[in-house]
Amino acid sequence: MKEHSPLSTEKIISDLYPKKFGRIGRVWTLFLVIVCLIGAYAYYRQLRYGLVVTSLRDYVSWGIYISNFVFFVAISLVGSLITAILRLANAKWSTPLTRIAEMIAVSAIVFASLIIIVDMGRPERLVYIFTHTRIQSPITWDVVVISTYFVISLLLLYLPLLPDLQILNSHPNRNTGFLNRIYRFLGAFWKGTREQEAINNRSIILLCILIIPVAFTIHTVTSWLFATTYRPGWDSTNFGAYFISGAFLVGGGAVLVAMYLFRKFYGLQNYITYRHFDNMGRVVVMLALLYLYFNVNEYLVPAFKMKKPEEHHLEELFSGKFSLGFWFAIIVGMIIPMFILMFKKGRRPYPAFWAGVMVVVGAWFKRYLIVTPTLLHPFLPMADVPESYLNYFPSWEEWAIAMGSLAGVLLIITLLARVFPIVPMHESITENDAHQEN
Amino acid sequence: MMHTRKIDISKLIAVIALCMPVMLCAQDSSAPAARESLLYLKYQLKNNRIPYLQVQTKTKEGKAFLPAGNVPVELFLDKDSAAEALIGKVTTNNLGEATIWMPGSLAKAWDHASDHTFYAQAKAVKNFDAMQASVTIIMARLELDTAAGSDGRSLKAKLVKKEGESWVPMPEVDVRLAVKRLGGYLPVAGDETYTTDSTGSVTGEFALQHLPGDSTGKIEVVARVEENDEVGTLETSLLVPWGEPVVYKSDFNKRSLWATGRKAPIWLMLIAYGCIIGVWSTVIYLFINLYKIIKLRSQA
């Protein structure tokens, strides 16, 4: 909240109350729905005609879908960073950002699960993972940990929302009938008694502790899907830490973008202040440095040894056909945002927003570059295969599904922001009251 | 002294300058390298059973010897072309090699004399010129046995050749006594080869200890005469129980990381299920807390 300017409770409620979409909001939602529908049609084609409509073949069997999956898993980690780590570290400035972070986390993890099913080609075979479970397989660990993380993220979104639901339920005239039904279903039992608050606070702290190892596990296990496969570019013992640091960075970048957009379009200047951008900017600089360090490790060490099977892969990344994307991901996705956010002026909302955009876009390319070039450079030479097996560029169906899933994540965030307060109302009122008393 | 050296160097430079055109012509790589076809024929006998012939075809192009594959070769016994002396026809493989055993139809001719000449005639093909080769051998036998001496286990080999109707010892021939391993032949002791004495015999102490054998500890020992001018290549082997029994443990269908789901390692199951139970117990506890919160509604 804005320093040294206490606000009345009514003003806070009025400011933070979920608002109906304006014209821009409706156009934005319609746009997202259209992109999702195009993605759904492309998926229908994939189901109807099979994976042959994609550019996935024997060598590149994980293409843009798995890149997207890794990206979503990465971005979902922001929930544990903002909500859990900063809360446990007693960084109270992060309070207004917790709901944004949890909304991003929940929506991203939903589509991480869906995109895996899309990649399978035959969705009905998902059941085999449960009926023929092999606990030795990283894919089993991934399914277990993603579903666990989804439940925990949902709880971490829901439990801190209970006091806000009481406020929402106490203003039925401001809500539509449909929203009133949702609020009553989700929070009519919350009366804000001392016992309820005690149990709820205890549960939230427990969740914050629980989500950190689960969040670390989800991305470590995702990295192990690659690192336990013996291939150039993936054969690394650092992959877990490398993925986690990258995930925190993209999550931080996504929060910067969301902070700016919500602040601008929902008029939250009193709640998401320069101080939040300043602090979040510093966090992103630290995360960018950390991720850059792991990148140096991941590429410099193999390049120094330049083992024969790695050579072609690294050359393609450094100076070959993937070099544009590679250097874009490194320079635009890490170095430039880091330099922008290093300076106080760069940590103002507008430049910080663009730094966040660069981090998120760079991170998407980075995931693509982790997945695809390695698959195109197997240890054994590719011989006697059709031309289409030797290269990979996603078909329009793949692009449509990938963009549809990205739009889906944004649509869930948009709808959640329509239904629930973006900044926790009850906590804001409590902090404001405490500030006034002081 | 200085004067003499100057003259020598100038002479040397003059000679080099004069020779330069000749040397350049000699190194002219534009001239096509002459191709030479080569045909080799080897006689081999294993365990004193049916002898066989090995044919090898190569081409020499420049300084390189290259295998010539797909070359048809006819082989004859004692005559270089007669149909009744035909051992057989072979075609070399991509390594330029082919093998043929002596046919039963030539058994009489084979037993009739104590020495024989084999003829090989390669036909001209695209990459190979017509060639002939021959090799003459004396019929010989290499016998191998074990001997238990005072100083431990030994191998004894005896080389005899056919003279008329009888077999006589061959002295002064190099014989290898070795153990057959995957990568080649391991000498039974320090010496690579032994030379036969007047009785045609060699004896070698078996000095190898703890040599892995088959499941019953048996190893294959061999005596070899390699590419001898008179008798060709002879090899006789024997299975002896002088090795250590090696029993391979099969991990098939045992608990392992690569087994089926039901055969997962216990330690992995303990860790994985332990983590899952730990986390989900906490999640269930949180749901119970939520239920408590809901129940507290009535008290409020």
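The values are calculated or read from the model by the stated rules, or taken from the named source; none is laboratory data. If you're wondering where the values come from, they're calculated on a predicted model, not measured in any experiment. Heads up, the Cβs are rebuilt from the backbone with ideal geometry, glycines too, and the neighbour counts pull from every protein chain shown.
Of the residues examined, B:S166 is not one that is outside the structural domain of B:L45 (by TED's automatic domain parsing), polar (S, T, N, Q) and buried (at least 17 other Cβ atoms within 10 Å of the Cβ).
Residues of the stretch A:198-218 that are within 9 Å of another protein chain (Cβ to nearest Cβ), surrounded by fewer than 20 Cβ atoms within 10 Å (Cβ to Cβ) and farther than 18 Å from A:L157 by Cβ: A:P213 alone.
Take A:T131 and tell me if it is without any contact (Cβ under 8 Å) to a residue 12 or more places away in the chain, within 11 Å of chain B (Cβ to nearest Cβ), surrounded by fewer than 16 Cβ atoms within 10 Å (Cβ to Cβ) and over 25 Å from B:T282 (Cα atoms). Taking the combined requirement at face value, the residue satisfies it.
Within the stretch A:346-401, can you find the residues that are among the small types (G, A, S) and farther than 23 Å from A:S223 by Cα?
Kept after step one, since they are among the small types (G, A, S), are these residues of the stretch A:346-401: A:346, A:352, A:355-356, A:362-363, A:383, A:388, A:395, A:400.
A:G346, A:A352, A:A355, A:G356, A:A383, A:S388, A:S395, A:A400 - these are the residues of the stretch A:346-401 that are among the small types (G, A, S) and farther than 23 Å from A:S223 by Cα.
For the residues A:F31, A:F71, the requirement of being part of a helix (DSSP H, G or I) and surrounded by 22 or more Cβ atoms within 10 Å (Cβ to Cβ) singles out A:F71. Is the stretch B:247-265 home to any residue that is of a type in the set (F, W, Y) and either within 14 Å of chain A (Cβ to nearest Cβ) or in contact with a helix residue (DSSP H, G or I) (Cβ under 7 Å, 6 or more places away or on another chain) (or both)? For the stretch B:247-265, residues of a type in the set (F, W, Y) and either within 14 Å of chain A (Cβ to nearest Cβ) or in contact with a helix residue (DSSP H, G or I) (Cβ under 7 Å, 6 or more places away or on another chain) (or both): present. Scanning the stretch A:136-158 turns up no residue that is under 26 Å from the mean Cα position of the chain (by Cα), more than 14 Å from every other protein chain (Cβ to nearest Cβ) and in a helix (DSSP H, G or I). Any residue at all in the stretch B:112-127 that is in a helix (DSSP H, G or I), in the same structural domain as B:R49 (by TED's automatic domain parsing) and surrounded by fewer than 16 Cβ atoms within 10 Å (Cβ to Cβ)? Scanning the stretch B:112-127, I find at least one residue that is in a helix (DSSP H, G or I), in the same structural domain as B:R49 (by TED's automatic domain parsing) and surrounded by fewer than 16 Cβ atoms within 10 Å (Cβ to Cβ), so the answer is yes. On inspection, A:V371 does not qualify as buried (at least 19 other Cβ atoms within 10 Å of the Cβ), among the aliphatic types (A, V, I, L, M) and not in a helix (DSSP H, G or I).
Considering (1) outside the structural domain of A:N180 (by TED's automatic domain parsing); (2) without any contact (Cβ under 8 Å) to a residue 24 or more places away in the chain, the lone condition that A:V27 does not fulfil carries the number (1). For first residues located in the stretch A:223-248 and without any contact (Cβ under 8 Å) to a residue 24 or more places away in the chain, partners that are surrounded by fewer than 22 Cβ atoms within 10 Å (Cβ to Cβ) and part of a loop (DSSP other than H, G, I, E, B) and lie 6+ apart or on another chain with Cβ distances below 6 Å form the pairs A:A227/A:W234; A:A227/A:S236. Applying a threshold of 6 Å to beta carbon distances and a minimum spacing of six or more residues, or different chains, the list of pairs starting in the stretch B:205-233 at a residue that is closer than 17 Å to B:E192 by Cα and ending at one that is part of a loop (DSSP other than H, G, I, E, B) and modelled with pLDDT under 95 reads B:E205/B:A189; B:F206/B:V188; B:A207/B:A189.
Name the single residue that is nearest to A:I12 (Cα to Cα) among those in the stretch A:259-281 being of a type in the set (A, V, I, L, M, F, W, C) and crowded, with 24+ Cβ neighbours inside 10 Å.
Taking the stretch A:259-281 and keeping what is of a type in the set (A, V, I, L, M, F, W, C), we get A:259, A:261-262, A:265, A:268, A:272, A:277, A:280.
Imposing the further condition that a residue be crowded, with 24+ Cβ neighbours inside 10 Å reduces the set to A:259, A:272, A:277, A:280.
Numbers: A:M259: 18, A:I272: 13, A:F277: 20, A:M280: 23 Å.
That would be A:I272.
Screening A:L97, A:L126 for residues that are part of a helix (DSSP H, G or I), more than 14 Å from every other protein chain (Cβ to nearest Cβ) and without any contact (Cβ under 8 Å) to a residue 12 or more places away in the chain leaves exactly one candidate, A:L126.
Yes or no, residue by residue, for (1) surrounded by 11 or more Cβ atoms within 10 Å (Cβ to Cβ); (2) at negative phi; (3) among the small types (G, A, S); (4) at the interface with chain A (Cβ under 10 Å from one of its Cβ atoms):
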| residue | (1), (2), (3), (4) |
| --- | --- |
| B:L234 | yes, yes, no, no |
| B:P245 | yes, yes, no, no |
| B:G274 | no, yes, yes, no |
| B:Y285 | yes, yes, no, yes |
| B:I294 | yes, yes, no, yes |
| B:Q299 | no, yes, no, yes |
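For A:Y41, the requirement of being in contact (Cβ under 8 Å) with a residue 12 or more places away in the chain and touching a Leu at 6+ places or on another chain (Cβ under 8 Å) is not met.
Please count how many residues of the stretch B:178-204 are touching a residue at least 40 places away in the same chain (Cβ under 8 Å) and aliphatic (A, V, I, L, M). Give the steps one after another, and end with the answer.
Taking the stretch B:178-204 and keeping what is touching a residue at least 40 places away in the same chain (Cβ under 8 Å), we get B:178-180, B:199-204.
Filter once more, keeping what is aliphatic (A, V, I, L, M): B:178-179, B:202.
Matching residues across the stretch B:178-204 total 3.
Would you check which residues across the stretch A:74-94 are assigned to a loop (DSSP other than H, G, I, E, B) and either among the aliphatic types (A, V, I, L, M) or more than 26 Å from the chain's Cα centre (by Cα) (or both) and list them? Scanning the stretch A:74-94 gives A:L77, A:A89, A:A91. Where helices (runs of 4 or more DSSP H) sit wholly within the stretch A:230-337, those with at least 2 residues that are of a type in the set (K, R) occupy A:239-265, A:274-305. Every condition in (1) assigned to a loop (DSSP other than H, G, I, E, B); (2) farther than 30 Å from A:T217 by Cα is met by B:T203 except one, and the failing one is (1).
Filtered by the rule that a residue be surrounded by fewer than 17 Cβ atoms within 10 Å (Cβ to Cβ), more than 7 Å from every other protein chain (Cβ to nearest Cβ) and either part of a helix (DSSP H, G or I) or in contact (Cβ under 8 Å) with a residue 24 or more places away in the chain (or both), the stretch A:183-196 gives A:R184, A:F185, A:G192, A:R194.
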